1. Collect the residues in the stretch 143-162 that are closer than 23 Å to residue 360 by Cα and of a type outside the set (Ser, Thr, Tyr), keeping them in residue-number order.
2. Across the stretch 380-394, which residue is surrounded by the most Cβ atoms within 10 Å (Cβ to Cβ) among those that are outside any loop (DSSP other than H, G, I, E, B) and of a type in the set (Lys, Arg)?
3. Output the qualifying pairs, or none if there are none: Cβ atoms under 8 angstrom, residues six or more apart or on different chains, first residue in the stretch 362-379 and in a helix (DSSP H, G or I) and among the basic types (Lys, Arg), second residue modelled with pLDDT of 95 or more and open to solvent by 10 Å² or more (accessible area, probe 1.4 Å).
4. It is to be established whether one or more residues within the stretch 348-357 are part of a helix (DSSP H, G or I) and either within 30 Å of residue 207 (Cβ to Cβ) or modelled with pLDDT under 95 (or both).
5. For residue 278, are the conditions met, namely being surrounded by fewer than 22 Cβ atoms within 10 Å (Cβ to Cβ), of a type in the set (Phe, Trp, Tyr) and modelled with pLDDT of 95 or more?
6. Would you say residue 340 is at pLDDT 95 or above, in a loop (DSSP other than H, G, I, E, B), surrounded by 21 or more Cβ atoms within 10 Å (Cβ to Cβ) and in contact with a helix residue (DSSP H, G or I) (Cβ under 9 Å, 6 or more places away or on another chain)?
7. Part of a loop (DSSP other than H, G, I, E, B), among the polar types (S, T, N, Q) and at pLDDT 95 or above: is that true of residue 290 in this structure?
8. If you check every pair at least six apart or on different chains, which have Cβ atoms under 8 Å apart with a residue in the stretch 233-244 that is under 16 Å from residue 14 (Cα atoms) first and a residue that is open to solvent by 40 Å² or more (accessible area, probe 1.4 Å) and in a helix (DSSP H, G or I) second?
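The values are calculated or read from the model by the stated rules, or taken from the named source; none is laboratory data. Since we're looking at a predicted model, the values are computed, not measured. Positions of Cβ are backbone-derived with ideal geometry, glycine not excepted, and every protein chain shown enters the neighbour counts. When the accessible area is computed, the model is the full protein with side chains, heavy atoms only, and any ligands, DNA or RNA have been set aside. Shrake-Rupley method; radii C 1.70, N 1.55, O 1.52, S 1.80 Å.
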Amino acid sequence: MKDFNYFNPVKVKFGAGIKSEIGRTLKGKYERILLVCSEGPFHENGLYDFIRNNLTENGIQVFEMHDVEANPKLYRIREGVEVCKKNQADCVAALGSGSAIDCAKAISAAAAMDVDPYDLYWGRRIEVTKALDTVMIPTIAATGSEMNRSSVAVNEETKEKYFFDSKHAKYVFMDPEITLTVPIRLTVWGIMDILSHTFEYYFNGDRESEFQTCFSEAIILSVMRNTEKLIENPQDVTARGEIMWGAVVTWGSGLTWIGRGEADMACHGIEESFSAYFDTHHGACLGVLTPRWMEAVCDKRPDLFSRFARNIMGVEEADDQKAAREGVKRYKEWLKSVKAPNTYYDLAPLEFADEELERVAKTACRVYHGGVGRMTRFEEADIIKMLKKGKEPY
C-alpha cells in the first residue's frame with residue numbers, strides 16, 4: 001500500500017425517514033439557507049415542500065433555486081451566487097442529484113469569496129480558501145459527491161465540462177426512502193456511475209494494496225446484488241440504502257482511493273466531454289462506455305481482468321487471457337439483465353453523428369492534455385474508435 005493522507009469531516013445522518021430531522025438538526029446553526037433543487041418530480045411528489053417546510057418550521061428562512069438541470073451550467077451557478085449575496089445566505093443546501101450538489105458547492109465558494117465561478121473551474125483556477133457551509137440531501141445514488149469536495153459543471157459557451165475542489169459539506173442527510181421516488185431506469189443509470197468509479201481504482205494497475213482491492217470487490221459485488229434485488233422490487237428500501245451507501249463509500253468518502261495511486265479515469269474523461277456536448281445523463285453514458293473500455297483494455301492487463309472475472313463474475317477458467325475475456329463477456333450479460341443502457345440511443349433520441357463523436361474526442365484530448373487513461377493511454381484516434389462502438393449494441 002502506498003503512503004496516504006486521509007481527511008473527511010462530513011457529518012452523515014443515514015436512515016429511512018431521516019429527512020424529518022433536517023430542520024431540527026440545523027436549527028440555531030443557520031438563519032438563511034439557499035435551497036438548490038434539481039429538476040425532477042420533487043414538487044409534484046411533495047418532497048420539496050416537505051424539506052422547505054421542515055426548515056421554516058425550525059426558524060430558518062429559505063431562499064429558492066429550482067430545477068437545476070443535469071450537467072449544471074455555469075450561468076445557473078452565477079444565478080445562485082447572486083441570490084446568496086443579495087439575501088446574505090449563511091448556508092447552501094442541495095436537494096436532488098449531483099447537479100444540485102455540484103451547484104451548491106460552487107455557489108457556496110464563489111459567494112463567500114466574491115469571485116466569478118468561472119475562475120474556479122477554468123480561468124484563474126482559484127484555490128478555495130473559504131465557503132459558506134453546505135448541506136446535502138441526495139435523492140439518487142450515483143457519484144456520491146455529497147461527501148467529497150469535487151464539483152463539476154459545464155461552460156455552456158464552449159461545451160466543456162471540468163471540475164474544481166471546494167470545501168466538504170457540513171451535513172449529509174441520506175434517506176433511502178427518498179430514493180424510492182427515482183424510477184428504476186434512472187436508478188440503474190446512477191448505479192453505472194457507482195460501478196465506474198469503483199472500477200477506476202480497481203483497474204488502475206496497482207497490485208500492492210490487497211485490502212483495498214478486496215474492499216473494491218466487496219463494493220462491486222454488493223452493488224450488483226442489490227441492483228438485481230431492485231430489478232425484482234424497485235421499492236426495496238433496504239437494497240436502495242445499500243446502494244446509496246455504496247455510492248459514497250466508493251467515491252464520495254475517498255475510502256477506495258487510499259494507498260492506491262491515481263485512478264484510471266478514461267471513461268470519465270471521455271464521458272464528461274460527451275455529456276457536455278450532447279447534454280445526456282452522466283451515469284447512463286458511463287454504462288455505455290465502460291464495457292467498450294473493458295473490451296479495449298482487458299487483453300493488455302489480463303492479470304487484473306482475470307481477477308475480476310474469477311472473484312466478481314464467477315469464471316473458473318485457469319488461463320488468465322481467456323478468463324479476462326470471459327469476465328468481460330459475463331459483465332456485459334449482467335448489464336443486459338439489469339436493463340443498463342446498451343447504446344447512446346438508450347440515452348436520448350439524438351443522431352450521435354460520427355462528426356459529433358469526433359468533436360467529443362477532440363474536446364476530451366484538449367481538456368485532458370492529449371489523451372485519457374492510466375492503464376492504457378487513449379489518444380484521439382483511440383477515443384473516436386471506442387465512441388463509435390457505442391452506436392451499435394454489444
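1. Restricting attention to the stretch 143-162, the residues satisfying the condition of being closer than 23 Å to residue 360 by Cα are 143, 150-162.
Matches in the stretch 143-162: 152, 153, 154, 155, 156, 157, 159, 160, 161.
2. Start the filter on the stretch 380-394 by keeping residues that are outside any loop (DSSP other than H, G, I, E, B), which leaves 380-389.
Going one step further and asking which of them are of a type in the set (Lys, Arg), we end up with 385, 388-389.
On the way: 385: 14, 388: 15, 389: 17.
Here the residue is 389.
3. 362/380
4. As a first pass, look at the stretch 348-357 and keep what is part of a helix (DSSP H, G or I): 354-357.
If we keep only those that are either within 30 Å of residue 207 (Cβ to Cβ) or modelled with pLDDT under 95 (or both) as well, we get none.
No; the residues of the stretch 348-357 include none that is part of a helix (DSSP H, G or I) and either within 30 Å of residue 207 (Cβ to Cβ) or modelled with pLDDT under 95 (or both).
5. Numbers: surrounded by fewer than 22 Cβ atoms within 10 Å (Cβ to Cβ): yes; of a type in the set (Phe, Trp, Tyr): yes; modelled with pLDDT of 95 or more: yes.
The answer is yes for residue 278.
6. Details: at pLDDT 95 or above: yes; in a loop (DSSP other than H, G, I, E, B): yes; surrounded by 21 or more Cβ atoms within 10 Å (Cβ to Cβ): yes; in contact with a helix residue (DSSP H, G or I) (Cβ under 9 Å, 6 or more places away or on another chain): yes.
So residue 340 passes the test.
7. Details: part of a loop (DSSP other than H, G, I, E, B): no; among the polar types (S, T, N, Q): yes; at pLDDT 95 or above: yes.
The answer is no for residue 290.
8. Filtered contacts from the stretch 233-244: 237/180; 239/229; 240/180.
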